[in-house]
Structures are given as C-alpha cells and as structure tokens.
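One structure is given below, encoded as structure tokens.
The values are calculated or read from the model by the stated rules, or taken from the named source; none is laboratory data. Please read these numbers as outputs of a predicted model, since none were measured by experiment. All Cβ positions, glycine included, derive from the backbone under ideal geometry; neighbour counts span all protein chains shown. Note: areas computed on protein heavy atoms with side chains; ligands, DNA, RNA excluded. Shrake-Rupley method; radii C 1.70, N 1.55, O 1.52, S 1.80 Å.
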Amino acid sequence: METVWLTGAEWLAVLRIGLGLWWLESWRHKDKKGWFERGTGIAWAADVAGRHKWPAVKNGFRTVVEPRPKVMAYIVVYAELALGLGLIVGFLTPIALVGGLLLNLLYLILMIHDWAEQGQNAMMALISLVALVAVSWQTWSLDSAIGLF
C-alpha cells in the first residue's frame, strides 16, 4: 500500500514508534522517588483496588502486589521504560506489544469504575493490537535488521 509520503509498512512503524514514545513519556513523568522510596504508586493502586467492584481485583491485588510493594513498583516503572525503548527501536517488538497490551488491560480493569481516565489505556491497547496483528516490526526495527521474528 502506497500513500503520499510513506508506505503502509512505514506508517505502521510510525504507529509503533509513537506508541513507544507514549510509554516512554509514561515512564518519564512518574515520580520515581515517590514510587520507590515512599510507595506512592502502589499505595494509590491499593486504594483503587480496595474500592473495586470486582472481588477478583481486590483479591488479586492482595495476593500478588501487597506482599511485595517495592518489587511491584520497580516492575511497573521499569516495564514502562522497557516497553517504550523496545517499541521505539523495534527490539523484541512482538513481546513488547503483547506486554504493553496486557499492562494496558490491567490498568483498564483496575480503573474500570472511572472510565474518564481510561481513554489513554484503551487507545494504547488498540494501537498495540493493530501493531501486533499488522506485524509492525518489519520496517525500521532492530528485529528486522537482525532477522528476528
């Protein structure tokens, strides 16, 4: 498919890189000192999970996150960094797209009672799905350059 400036594959690469920049911005604007030293991110998530209308979310949070808040803070923050960098340079792209899709779905489920904040997560999940199904790592990526996937 040809367009005025770029091919279809190149537009998919632009979409993938844009999604990577979105993840990188999500990582950049986080108060890392707050997340790592004061536990603000996990405390906020605990409050949201504690008020969630689905018992499975409350129980899952208590089982998986509450026993290890510091580890989970590092996982969330550095997952966003890894997703951003992986998508921008196109390294392990399908893994990054699936990981990002799952993280956005977790955010959507956690915040299901407040859909006003979920436009970003819904859009990022949709872009991840499109980029994954359309094999967006075939152009402008390390994966393509070194023959992965």
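A compact table of results
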item	result
Test: residue in the stretch 24-37 that is among the basic types (Lys, Arg), outside any helix (DSSP H, G or I) and loosely packed, with under 13 Cβ neighbours inside 10 Å	no
Residues satisfying the stated conditions in the stretch 94-128, i.e. more than 30 Å from SER144 (Cα to Cα) and either in contact with an Asp or Glu (Cβ under 6 Å, 6 or more places away or on another chain) or modelled with pLDDT of 95 or more (or both)	MET111
Among residues of the stretch 45-57, those that are touching a residue at least 60 places away in the same chain (Cβ under 8 Å), under 10 Å from ILE109 (Cα atoms) and open to solvent by 20 Å² or more (accessible area, probe 1.4 Å), counted	0
Count of residues meeting criterion [open to solvent by 80 Å² or more (accessible area, probe 1.4 Å) and either within 24 Å of THR40 (Cα to Cα) or part of a helix (DSSP H, G or I) (or both)] in the stretch 72-124	13
Residue satisfying condition, being in contact with a helix residue (DSSP H, G or I) (Cβ under 6 Å, 6 or more places away or on another chain), open to solvent by less than 30 Å² (accessible area, probe 1.4 Å), hydrophobic (A, V, I, L, M, F, W, C) and part of a helix (DSSP H, G or I), within set ILE17, ILE42	ILE42
